[in-house]
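First the structure, in the form of structure tokens, and then the observations on it.
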Amino acid sequence: MQIIPSFDLMGGRLVHLRQGDFEQKTEYPQDPLELAQELEAAGIRRLHMIDVDGARDGRPVNLYLLEQIAARTRLEIIYGGGLRSIPALRQVWDAGAEMFAVGSVAVLAPDEFRAWVERFGADRFLIGADVRQRKVAVHGWVDQTNLPLFDFITRLEKLGVHQISVTDIERDGELAGPAVELYKEILLKFPRIQLVASGGIRNVADLEELQSMGCSGSIVGKAYFEDKVPIKYFSVYSKT
């Protein structure tokens, strides 16, 4: 299982929004490029970058940071935020991303998303399924849909998309522990998907549990920035 550090970017700075709320923002002092280089040196291979400004404005905003990190590291960058059209995807691709982190469009505009998959290939997408009470939420968790999570995953599998990140919104940023029971259900029902756990990671023990149940990766944000998962452990997981 790979640890995938998450960089949430706002105004060129690293931030964390509590449960996606722009009014509950924590800023971190690290320089994004320097931290990316430090993580690469520790053995990290993939980096999850979310353009918070882009998610709010509907277009990629922090592309210059993507360009810097892509040019000065060998990290595989998964980039999301403001990806609502093929031109936006092309912008991000040209700036150095190797994968797209997509959520709302895959939920709300399945025909449009199908065209994206046909253009770029199913393996270029990490689909973010943000859930509240087993229903998918969109637009930065603000809008709740009636789409059951398992129906959404079934739809993605039919398109050939198998890399899926699932976040239990109520656990994200709370250090309350990952949604273990939900992940077990997903892996039992959908054994072919590559499930990336996200939200609630507290410590290394949580990562070990996620690895033992068969998750392919875990996105770690707040737990890393608050030293709950020290960087010295990253190389252990980067080899698996």
Legend entry - Scope region 82-108; condition among the basic types (Lys, Arg) and either without any contact (Cβ under 8 Å) to a residue 12 or more places away in the chain or in contact with a strand residue (DSSP E or B) (Cβ under 7 Å, 6 or more places away or on another chain) (or both); matching residues: 90
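Would you list the strands (runs of 3 or more DSSP E) that sit entirely within region 79-190 and hold 1 or more residues that are polar (S, T, N, Q)?
Values: elements: 99-102, 125-132, 135-138, 143-148, 163-168.
Strands (runs of 3 or more DSSP E) meeting the threshold: 143-148, 163-168.
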Inset, instruction - Of the numbered conditions (1) surrounded by 16 or more Cβ atoms within 10 Å (Cβ to Cβ); (2) among the acidic types (Asp, Glu); (3) in a strand (DSSP E or B), residue 53 fails exactly one; give the number of that condition. - result: (3)
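Given the criteria among the aliphatic types (A, V, I, L, M) and at pLDDT below 95, does residue 107 qualify?
It is true that residue 107 is among the aliphatic types (A, V, I, L, M) and at pLDDT below 95.
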Inset, instruction - Restricting attention to region 105-154, report how many residues are at positive phi and of a type in the set (A, V, I, L, M, F, W, C). - result: 1
Inset, instruction - Mind listing just one residue for me: the one in region 1-27 that is modelled with pLDDT of 90 or more, assigned to a strand (DSSP E or B) and not aliphatic (A, V, I, L, M) and, of those, nearest to the chain's Cα centre (by Cα)? - result: 6
Legend entry - Single residue of region 163-221 satisfying the filter (over 16 Å from residue 3 (Cβ atoms) and of a type in the set (Lys, Arg)) that is modelled with the lowest pLDDT: 171
Legend entry - Residue that is nearest to residue 168 (Cα to Cα), among those in region 191-215 that are touching a residue at least 60 places away in the same chain (Cβ under 8 Å) and assigned to a helix (DSSP H, G or I): 210
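The values are calculated or read from the model by the stated rules, or taken from the named source; none is laboratory data. Note that the structure is a prediction, hence the values are computed from the model and not measured. As a convention, Cβ positions derive from the backbone with ideal geometry for all residues, glycine included, and neighbour counts pool all protein chains shown.
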